[in-house]
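The values are calculated or read from the model by the stated rules, or taken from the named source; none is laboratory data. In this text, all values refer to a predicted model and were calculated from it rather than measured experimentally. Backbone-built Cβ (ideal geometry, glycine too); neighbour counts: all protein chains shown.
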Amino acid sequence: MKLFLSSVFLSISMGVAAQSTLITNDNVALQQPANHAYNEIAIIPEPVTVTKQEGHFVLPQSILIQAVKSNELKQSITFLQERLGIPTGYFISATAAASNTANIRLVLTDKNDAAIGAEGYHLQVTPQQIVITANKPAGIFYGVQTLIQLLPKEIESKEEVKDVKWQIPCVNITDYPRLGWRGLMFDVARHFFTKDEVKQYIDAMVRYKYNILHLHLTDDEGWRIEIKGYPKLTEVGAWNVKRVGSFGNFIPPKPDEPRNYGGFYTQEDLKELVAYAKERFVNILPEVDVPGHSLAAVASYPELSCTPDAVNYKVRSGERIMDWSRGAPPLAMVDNTLCPANEKVYEFLDTVISQVAQIFPFEYIHMGGDEAPHNFWEKTPQIMELMKRENLKTMPQVQSYFERRLEKIVAKHGKRFMAWDEVLEGGVSQSTAVMSWRDMKYGVEAAKNKHEVVMSPTQYAYLDYMQADEITEPKVYKGLRLSKTYQFDPVPEGVDPKYIKGAQGNLWTEQVYNIRQAEYMTWPRGFAIAESVWSPKEKKNWKNFFARTEQHFERLNAAETKYAPSVYDPIFAVKRTADGRLLVTLTTEVEDLDIYYSFDNSFPDHFYPKYTEPLVVPIDANALKVITYRGKKPIGRMMHMPIDELNKRAPLKK
Ligand code: ACM
């Protein structure tokens, strides 16, 4: 997400939670907790089939894991040893030998079980034993994730927890994913996140059976990968001036302000991250975003630009560099592009791609292609010559020329070329894999044209958007509530599913200054996306999902992973009565909440008026305060809505 539209757009998409439009399916009411009672089986993403049996498996103090093909299963064994061993304090051993006394058996099939594919598993828990069966090690690992979710929440603790009854309900589960590409994108360019923070992010995503981490490694605000032969990319390109507040409108740094905010990963760091992810069955998709979003590279090597003034450019620190007033594509105020008419650019990219290809074993490299402004190109004689020489008529065709050359470089280094959906505009080769972001329709169009597609549309999957009203959330120009994310169907009607590789959520970090906030933005919407990519479509059910989500909030508490409680905040809708008074309607995404309110500036609780019908704002009131309760328990945040803000949202007609 990089669009910066004016604040007129701020409230457009906040009122999205119409319960009536959500999917309901009584077939899966099976696991619905009554009255928010704790349910022992609350798995996210929802498995394909779950059959509860009588009884429990109680963890003994000494646990033996048996895996005959232990070499192939060492990730799952190590994972189990750590995840079971630390919180319980129990002794966990493993053997490759046949054993009658094993408590947990990890079994790779000798004969392929077609029903579960490469990532599926069967999990059987009886009072005597736990058995996970799969065709491939990945399936065993996902079975292990489900097993962990069947244990009490304290299993998520990083320390030993005493006095917990460590038991697992007896159950038979068969499970496999709906889609093969189940990703999260983490923008480490806008703000830099350390190697350990990226590992922490990976740890959280593997709980929910994600298998792709897309790292957005370069942008106007930072170049984060060491490239041998181009040292200034990280000496200059990785650093800017620290600012906090509303990114996009910061005061431009003074020439002498220290540029010491940022960082980068050495190639060794990245290899370590790749290995860490791989042990957890996660592939890392690297993204080098060109030709736009390249100010950090241009500030490091101005000769890569078409614009002579680039010698004066600096890595962006969040000041305004684009004019979005006429929509997309933006008008650039500084030329943040690499020059498609400059052979040095292709030499540079050849070096970058060859090294990226060496570091990341994943078969795709993402080369960006989004939001490239063309207004500087329009004024560049070199571009005019290129257009004449190559018979290019439009600026999107100039960009296509660049993309096609880039695809050849990517292919030369043994990789597949992926890019954001704008690259379709000027025409690209059919082998380009398209990541659809601006709208589902671009992904649909790309699939119709037989491109491989990964869906990550703003409407459902943009994790940088606000999760509730801007009066409580860090301000971004749009909102995306959990219930809307849960409606995400990556394979819409009318599309040939064979072209939809999968989907992902995208966490852009312009407004995300630290890892706690990155977690807050990712969860719980990351649960909803996980369920959209893993679970059978017909099993999706908002009420059931939300009941499980609430239990997973508890698990994330135990894991010390942050999440947003925004789903409990009411949705404000405001209009004018016939006589010009403000009329406020409050709704909630969650069904069983009561809303209490005040107009007298004091803090409402459950002894205050309960919201039952639209509120006419009293004449001299200056704030509406609201809070949600479940029974006698406060559950939402105290929200303070200035009446001036309501006036802005429903201006009085003159
Ligand atoms: C994007 O959000 N510009 C891909």
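Figures for the structure shown
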read-out: Residue count, segment 229-247 (criterion: crowded, with 17+ Cβ neighbours inside 10 Å and among the small types (Gly, Ala, Ser)); value: 2
read-out: Criterion: crowded, with 17+ Cβ neighbours inside 10 Å, acidic (Asp, Glu) and out of contact with any Phe, Trp or Tyr (no Cβ under 6 Å at 6 or more places or on another chain) - qualifying residue of Asp219, Asp203; value: Asp219
read-out: Residues of segment 397-406 that turn out to be more than 16 Å from the ligand (Cβ to nearest atom) and either free of Cβ contacts under 8 Å to residues at least 40 places away in the same chain or in contact with a Leu (Cβ under 7 Å, 6 or more places away or on another chain) (or both), as a count; value: 6
read-out: Residues (modelled with pLDDT of 95 or more, over 13 Å from the mean Cα position of the chain (by Cα) and over 12 Å from Met521 (Cα atoms)) located in segment 473-485; value: Lys478, Ser483, Lys484
read-out: Where Glu159 falls short, out of the listed (1) surrounded by fewer than 19 Cβ atoms within 10 Å (Cβ to Cβ); (2) touching a residue at least 12 places away in the same chain (Cβ under 8 Å); (3) more than 19 Å from Glu82 (Cβ to Cβ); value: (3)
read-out: Residues satisfying the stated conditions in segment 270-296, i.e. more than 16 Å from the ligand (Cβ to nearest atom), of a type in the set (Gly, Ala, Ser) and within 19 Å of Met418 (Cβ to Cβ); value: Ala277
read-out: Among residues of segment 347-374, those that are out of contact with any helix residue (DSSP H, G or I) (no Cβ under 9 Å at 6 or more places or on another chain), surrounded by fewer than 21 Cβ atoms within 10 Å (Cβ to Cβ) and not charged (D, E, K, R), counted; value: 1
read-out: The one condition in (1) farther than 20 Å from Val198 by Cα; (2) touching a residue at least 12 places away in the same chain (Cβ under 8 Å) that Lys562 fails to fulfil; value: (1)
read-out: Cβ-Cβ under 7 Å pairs, at least 6 apart or on other chains, segment 501-517 side over 20 Å from Asp220 (Cα atoms) and free of Cβ contacts under 8 Å to residues at least 60 places away in the same chain, far side more than 14 Å from the ligand (Cβ to nearest atom) and outside any helix (DSSP H, G or I); value: Arg516/Lys562
read-out: Among residues of segment 419-451, those that are in a helix (DSSP H, G or I), farther than 14 Å from Arg404 by Cβ, within 16 Å of the ligand (Cβ to nearest atom) and of a type outside the set (Gly, Ala, Ser), counted; value: 5
read-out: Subset of segment 602-654 (residues that are charged (D, E, K, R) and assigned to a loop (DSSP other than H, G, I, E, B)); value: Asp605, Glu613, Asp620, Lys632, Arg637, Lys653, Lys654
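Results for (1) among the small types (Gly, Ala, Ser); (2) away from the ligand (no atom under 16 Å from the Cβ); (3) out of contact with any strand residue (DSSP E or B) (no Cβ under 9 Å at 6 or more places or on another chain), shown as yes or no for each residue.
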position: Gly494; (1), (2), (3): yes, yes, yes
position: Gln504; (1), (2), (3): no, no, no
position: Glu519; (1), (2), (3): no, yes, yes
position: Thr549; (1), (2), (3): no, yes, yes
position: Glu560; (1), (2), (3): no, yes, yes
position: Pro565; (1), (2), (3): no, yes, yes
position: Pro570; (1), (2), (3): no, yes, no
position: Arg576; (1), (2), (3): no, yes, no
